[in-house]
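So the structure is just underneath, and the comments pick up after that.
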Amino acid sequence: MSFYITTPLYYVNSDPHIGHAYTTILADVIARYRRLKGEDVKFLTGTDEHGQKIYDAAVALGHSPKEHCDIYSQRFKDLWVKLNIKYDDFIRTTDERHIKVVKFVLTELWNKGEIYSDTYQGWYCVPDERFWTEKDLDEGKCPDCGREVSKIEEKNYFFRMSKYQEWLISHIEDNPDFIQPNSRRNEILSFLSKPLNDLCISRPKSRLKWGIPLPFDEDFVTYVWFDALLNYISAPGYHANLKEFHKWWPSDLQLMAKDIITTHAVYWPTMLKAADIEPPKTVFAHGWWTVDEKKMGKSLGNAVDPHFLVDDFGCDQFRYFLMRGMVLGQDSTYSFERMVEVINTELANNFGNIASRLFKMIETNLDATLPAFWNSKSEPADIKLIEQTRIIREKVEDHFDKLQIDRGLREINQLMNLVNAYLEEQKPWKLSKADDEAVNFRLQNILYVATEALRITSILLFPIMPEKMETILSVFDEMVPPSLEQAKWGLLKSHRINIIDSLFPRIDLKKIEEDSRRKESKPQDIKKLISAKEDKEIVDYDDFSKLDLVVAEVLEAKKAENADKLLLLKIDIGEKEPRDLVAGLAMHYEPEQLIGEKIVVIANLKAAKIRGHVSRGMLLAADDGENVVLLKPSKDIKPGSRIK
Ligand code: MSP
């Protein structure tokens, strides 16, 4: 079975950031997972190199457009090497093979009367390279990005997109998988409930030279989207090698973020329809990585450079965090602290710790030889974990099939929790010293059940963390890259092994900060944390007076089970009912120390959900980088007293 997956072609006007890394890693994970299932995969990515934006970026940096594209396209390629992206093809829209196809399709559509010339009057958004009519504008600005638009009147060429509106609506209705997730499908259907305009597909050369000339009018170049979208067919060989092309087309999955779903779900299928080519099977738009609730991107200056994060945390840890951190289809807030927490909790403390403990026990107690499983000696706890491993494996596959990588990883983490609980209950370390045969069987069975869960998990995790999983799978003498067939219970072979070092060391935030200072090239996040102290904004009294600061008494305090930094408090602030408050204090205070204490809280802060716990307010504490100390009234005073 063949599987053809694509990412968008990224613009070469700036360096890649986490947003680009996310889509590409997601595509790589899905491609590797499909290969794991034994499918024949083609994974395509590349760069989008024509158009005004790129031309402007080249001029601003003093390059010729081609020089500029060569440099920036290479930066994407370099990052993909660093992120262990195993693509099968990398296409650039300046590649000759691509230009030929664009010209061919344009000629065909021109000959068929699908393209006509007309005078265009309207508004143009330069950064988005999109035309808008008066009624499209949002308070006079671009409805997509909110930036200024310029008035424009010029001859141009148009593609008869409106002609395909009815066809497109029925195609979307008849093929529920065509646009995913459903929220985006509904959005596009609602967009199509209004009349669809024809698409302007040219730019006069007098205004823009950097593009593919129209084969039927050399005074014009092709609109960047009409050019770029065609990469998905030019790369697998449309026009040049039809046999190869039909092996892959229609594509199985085209990934992107929600900002470019209209071009992929409206322009693209209608262009294909006009050229008598089948539409892709699925276009899938994921959400955005945001910073302070704004989309991460170059234009807002909040882009985070993946290079630093890979250097500091490791490639596989970074890949894991991105896959774990975004619920597919929804936006996700990028946070450095969250990344450290996910890596430490799920990789260092859970998966990595289980692996080290098991290998250590196998080394000390079984002479570094993997155990065997003695069916006749199995106990109910063994059977239970074997069954749980089987069920979770099935769930993981089901989630991965539906592209819900985050949910699959949550299941894997859950399995590791179960293995941990099993080991804690069975206590193999207590059996280890005995010489008795029964004890030896028990010890082998416990280690086998737990190690087998680890081996199966490592196969499932291979698409997400190929390098680390290769290391662990080689201990088990597994074929790499593995196949899903190997993830069956009971295939663990008993043999002597080489013990490996800890796979996922705990991240020490302080050490990273110091290293980055030494390198004098701090990760942008750390820079942000540091500079937050340095340049504080001056605020008016009015701003300050908006805060409702009150004295609170801590009634109850306990540690949050799912987050080792958090304490869950119940506080009295003089209201009828106590309030819940979540505080990141667990590293600095024991819960008992807080009960009965009077503290200061902001009472009118919007309620927030932190790791699943609702917090209605925030307490005040001082932080010198090492110690965090609570602020308390200097004399006893009633809960609910206002701070002025
Ligand atoms: N060149 C066009 C695409 C042409 S495809 C034929 C383009 N390029 S882009 O450089 O702006 O890349 C957009 C894509 O980068 C998004 O669709 C998404 O895949 C990824 N992302 C860029 N910023 C992102 C976030 N902040 N969050 C998630 N993904 C993001 O559009």
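Rule-based calculations on the coordinates, nothing more; no lab input. What you see is a predicted model; the values in this text were computed from it and never measured. Cβ sites come from the backbone with ideal geometry, for glycine too, and all protein chains shown count toward neighbours.
As a test of the formula, what do you get for the chain when each DSSP H run with n ≥ 4 contributes -39,500 (n - 2.57) and the sum is divided by the residue count, at 222 nm and rounded to the nearest 500 deg cm²/dmol?
Value at 222 nm, helices only: -12500 deg cm²/dmol.
Loop only per DSSP, at most 12 neighbouring Cβ atoms within 10 Å: give me the trypsin sites (Lys or Arg not before Pro) in the range 441-511, ordered by residue number.
Listed in order of number, the matching sites are 488, 493.
Computed over the Cα atoms, what is the radius of gyration of the range 460-503 divided by 2.2 N^0.38 Å, N being its residue count?
Against the compact-globule rule of thumb, the ratio is 1.14.
Among the lysines, which fall within straight-line cross-link reach of residue 430, defined as a Cα-Cα distance under 16 Å, with same-chain neighbours fewer than 8 residues apart omitted?
Residue 430 reaches 360.
Among the aspartates and glutamates, select those whose C-alpha is under 12 Å from the C-alpha of residue 632, and discard any that sit fewer than 8 residues away in the same chain.
553, 597
Filter the cross-link list 281/395; 209/294; 86/205; 86/112 down to pairs whose alpha-carbon distance in this structure exceeds 30 Å.
Table pairs above 30 Å Cα-Cα are 209/294; 86/205; 86/112.
Which entries of 135/194; 468/493; 53/298; 295/511; 37/258; 53/155 show an alpha-carbon separation above 23 angstrom in the structure shown?
The answer is 295/511; 37/258.
Under 19 Å between alpha carbons, and skipping anything fewer than 8 positions from residue 82 in its own chain: which aspartates and glutamates qualify?
Partners within reach: 15, 28, 70, 305, 311, 312, 316, 467, 470.
Sorted by packing (mean other beta-carbon atoms within 10 Å per residue), highest first, where do 99-107, 213-221, 604-612, 443-451 land?
Ranking, from highest mean packing down: 443-451, 99-107, 213-221, 604-612.
In percent, how large is the relative contact order of the range 539-644, given Cα pairs closer than 8 Å and 6 or more residues apart?
Over the range 539-644, the number comes to 31 percent.
Using the C-alpha atoms of the chain, what convex hull volume per residue, in cubic angstrom, is computed?
Once divided by residue count, the hull of the chain is 205 Å³.
Which peptide among 374-380, 57-63 comes first, and what is the full order, when sorted by highest mean count of other Cβ atoms within 10 Å?
Descending packing order for the listed peptides: 57-63, 374-380.
Compute the helix-to-body angle for 466-475: its Cα long axis versus the longest principal axis of the chain, expressed 0 to 90° and rounded to tens.
Here the helix axis deviates by roughly 40 degrees.
May I ask you to work out the translational diffusion coefficient for the range 211-357 at 25 °C, viscosity 0.890 mPa s, via Stokes-Einstein with Rh from the Kirkwood sum over Cα pairs, reported in whole µm²/s?
131 µm²/s
So how do 587-597, 87-97 stack up, highest first, on mean other-Cβ count within 10 Å?
87-97, 587-597
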